[in-house]
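The values are calculated or read from the model by the stated rules, or taken from the named source; none is laboratory data. All values reported here derive from a predicted model rather than from experimental measurement. In this analysis, Cβ positions are derived from the backbone assuming ideal geometry, glycine residues included, and neighbour counts consider all displayed protein chains. These area figures cover heavy atoms from the full protein model, side chains too; ligands, DNA and RNA do not enter into them. Shrake-Rupley method; radii C 1.70, N 1.55, O 1.52, S 1.80 Å.
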Amino acid sequence: LNASVGEIFFTSSATEANNMMLKNAVQDLGIRHIITSPTEHHCVLHSLDYLARNTSCTIDYLTVSPQGKIDMHQLEEKISKADQKTLVSIMFGNNEIGTMHDIQKIGELCRKHQVLFHCDAVQVLGNYPVDVQSLGVHFLSGSAHKFHGPKGIGLAYISSDTMLTPFIHGGAQERNMRAGTENVAGIAGLATALDWSVAKMAENHRHILEIKHAFIEALKHKITGVDFNGSEDATTLAHILSVSFPPHPAGDLLVMNLDIAGISASSGSACSSGIETDSHVLQAIGHDSRRRTIRFSFSPFTSLEEIAFASEKIAALVT
Ligand code: PLP
């Protein structure tokens, strides 16, 4: 990560890391204005809702394009007009639709205007190079289970220039920053998995792209009117594919039926009172809520045979 040892703190999850960095930036560094996007993970958005309700900090949302991209001009305008101490919180890559933001450029903008920058890098760490110095981030989070490490262990990078006070009080673990006996097995697992992911990054990336393209082609061939959320270019995470299916009576039961068929995928919707509604991310990009979105993800261990099996099953369910 090109961070120094003193800038890395292990947490129970990226959820905890993001909560800690955002809330303590307000408490310790006098942040009163946070600029973010409506497509962030709930652990960021709900932390910001909490800050809006319980502190004098205002939260300023950027608009996103139908591909989920932020508008850099709008960001610069908001930063330059800010008259209070400001932090920008933008994720590296979106977990539902895969859209990647230009973190390097956002970092440059933040440096130019001397505002702080928090980046949720959970979907990117282990899959793409991350160099905290060249990105110009002050805060960054990651989570081991996104790169084949164990569940229940995350990390927070906190730049030595913007050090925070402890979020959890007690013993002197993690250099007094996060009390509580360390999850040694989890930390060792995170480190081993990250070493492996970084060493195999190029090979894994090639494999994942091959799998993804085969899946896209199979779905396009078998399902009339199938569409893909996000963009289809290299600014979308290779390992994520958000598939938008045309309206179909079986649409609401798709994830359950895929599960029964042994295919693990996640729905881009939340079920409230028995009515499926699009997730906050799909709503933000203006997705047609009559269509059903399923998020598929691929790993270095996904095979072409699995992709062929999955596309057959999916086509049988929705056509
Ligand atoms: N941020 C993003 C983009 C994620 O995809 C996730 C997990 O799905 C999180 C944060 C939360 O990570 P964790 O599961 O370690 O709490």
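Could you tell me what percent of the accessible area of segment 118-222 is made up of carbon and sulfur, with a 1.4 Å probe and every protein chain present? Ligands and nucleic acids excluded, carbon and sulfur give 56 percent. Between Q67 and S134, the modelled labels are 2.2 nm apart [label points 7 Å from Cα along Cα→Cβ].
The residues of segment 154-268 present an accessible area of 50 Å² per residue when probed at 1.4 Å with all protein chains retained. Multiplying the residue separation of H42 and A188 by 0.36 nm and subtracting their alpha-carbon distance yields 49.8 nm.
Work out, step by step, the length gained on full extension between T319 and M256: first 0.36 nm times the residue separation, then minus their alpha carbon distance; give nm to one decimal. Could the numbers behind the result be given before it?
Values: separation 63, 0.36 × 63 = 22.68 nm, distance 1.65 nm.
Full extension of this stretch gives 21.0 nm more.
When the trypsin sites (Lys or Arg not before Pro) in segment 211-319 are filtered for DSSP coil states and for at most 14 other beta-carbon atoms within 10 Å of their beta-carbon, the remaining sites are R290. Estimated at the nearest 10 Å², the accessible area of D49 is 60 Å² with a 1.4 Å probe. Relative to the dominant Cα principal axis of the chain, helix 184-199 is inclined by about 60°.
Helix 103-112 and the longest principal axis of the Cα set of the chain meet at an angle near 30°. Extension gain for T277 to L29 (0.36 nm times residue separation, less C-alpha to C-alpha distance): 85.5 nm. Peptides 178-190, 125-137, ordered by how many other C-beta atoms sit within 10 Å of their residues on average, highest first, read 125-137, 178-190. Estimated from helical segments only, the mean residue ellipticity of the chain at 222 nm is -11500 deg cm²/dmol, where each DSSP H run of four or more residues counts as -39500 (n - 2.57). Pairing the Cα long axis of helix 304-318 with the longest principal axis of the chain, what angle in degrees results, from 0 to 90 and rounded to the nearest 10? The helix 304-318 is inclined about 70 degrees to the chain. Sorting the segments 144-155, 14-25, 230-241, 61-72 by their mean number of nearby beta carbons within 10 angstrom, highest to lowest, gives 14-25, 144-155, 230-241, 61-72.
Between F298, F309, F215, the GNM of the chain built on Cα springs shorter than 10 angstrom shows F309 fluctuating the most. Residues within the reach of a label modelled at Q114 (point 7 angstrom out along Cα to beta-carbon, backbone nitrogen below 17 Å), restricted to segment 68-108, are 79-88, 108.
Only the Cβ atoms of Lys and Arg (+1) and of Asp and Glu (-1) were treated as charged; on that basis the dipole of the chain about its Cα centre amounts to roughly 280 debye. Approximating the spin labels as points 7 Å out from Cα along Cα→Cβ, the N2-to-A172 distance works out to 3.4 nm.
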